[in-house]
Amino acid sequence: MGHLDHAAFGWLTPVLSYVMACIGAALGLRCTVRALSTTGRSRRNWLVTAASAIGTGIWTMHFVAMLGFAVTGTDIHYNVPLTLLSLLVAMIVVGAGVFAVGYGKDRTRALLLGGLTTGLGVASMHYLGMAALRLHGEIHYDPALVALSVLIAVVAATAALWAALNIKSPVAVAVAALVMGAAVSSMHYTGMIAVSVHVTPSGAELPGATAMQFIFPLAVGLGSYLFITSAFVALSPAAGDRSAYRSAEIANAADTEASSLTSLASPASPRDAIAP
């Protein structure tokens with residue numbers, strides 16, 4: 001039985017992975033709040049951004065944490081197509097849950113459906129990512145802990161979507177994102193505690209890419225996407241701000257027109273009336 005180390009670099013990877021989960025959750029929740037205050041194409045675009053943010057944040061959290069995962073007696077490589085598939089699944093399934101909430105007429109039903117879909121998407125991403133591991137040996141799971149990790153994912157996703165439907169202020173969204181980040185991290189490490197590895201020593205070359213060859217650069221790229229998108233959302237005016245701006249423009253235009261009419265209607269001065 002190989003010894004598993006979930007934090008080979010100390011607290012660096014757990015803390016950094018939690019930060020990435022919080023950023024993705026905060027951005028996704030903020031975009032969902034924006035979506036619910038708009039209609040048409042704008043709502044769809046905000047929901048797509050929310051799904052990509054949450055999916056990217058969760059995926060980045062998982063694989064940043066996996067940078068600190070090590071097994072005594074074997075190297076670890078990753079199957080590239082399966083790893084990319086886990087990212088795609090995260091975005092698609094989380095997107096389905098977010099759209100269910102964004103367009104659902106019955107909020108309670110939409111919340112339950114969206115929470116279940118999004119939670120299963122998070123769990124699917126995690127275990128697809130684990131299926132991408134390549135090492136000298138066999139990986140086994142504790143079924144009870146796997147079920148617990150899936151339950152945590154569903155509850156966390158439902159709570160996050162409830163927050164998006166009921167919480168509007170940026171401070172409250174930030175608090176909800178911290179809670180969701182903690183829940184996603186708990187789901188990840190619960191799933192990792194469920195893992196045991198029976199190592200079979202071998203000198204054969206492992207297929208796939210190492211974490212530093214593939215996971216690290218991809219995680220850095222996705223993390224940069226989250227930061228840039230966060231800046232865009234922070235600088236983008238909310239629907240209320242745009243309405244207030246339009247109202248101010250209309251009021252200014254009306255004042256200008258009224259001033260012009262007043263000037264035209266005012267009588268000429270006595271000096272102007274004197275003939276040359």
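The values are calculated or read from the model by the stated rules, or taken from the named source; none is laboratory data. Everything quoted here is computed from the prediction, not taken from an experiment. Please note: Cβ atoms are built from the backbone with ideal geometry, for glycine as well, and neighbour counts cover all protein chains shown. Side chains are part of the model used for accessible areas, which takes the heavy atoms of the whole protein and leaves out ligands, DNA and RNA. Shrake-Rupley method; radii C 1.70, N 1.55, O 1.52, S 1.80 Å.
Out of segment 94-131, which trypsin sites (Lys or Arg not before Pro) are coil in DSSP terms and have no more than 11 other C-beta atoms within 10 Å?
Lys105
Distance between Cα centroids, segment 26-81 to segment 164-182: provide it in whole Å.
Measuring centre to centre over Cα atoms gives 16 Å.
With a ≥ b ≥ c taken as the square roots of the eigenvalues of the C-alpha gyration tensor of segment 64-167, please select rounded if a/c is under 1.5 and otherwise prolate if a/b is larger than b/c or oblate if it is not?
Prolate, because a/c is 1.5 or more and a/b exceeds b/c.
Roll a 1.4 angstrom probe over the protein heavy atoms and tell me the percent of accessible area of segment 95-166 that is carbon or sulfur.
68
Can you tally the net charge around Ala53? Count Lys and Arg as +1, Asp and Glu as -1, for every other residue whose Cβ sits under 12 Å from the Cβ of Ala53.
+2
For segment 179-241, give the percent of accessible area contributed by carbon and sulfur heavy atoms, probe 1.4 Å, rounded to a whole number.
Carbon and sulfur atoms account for 73 percent of the accessible area of segment 179-241.
Checking the a/c ratio against 1.5 first, then a/b against b/c, what shape does the Cα gyration tensor give for segment 106-250?
oblate
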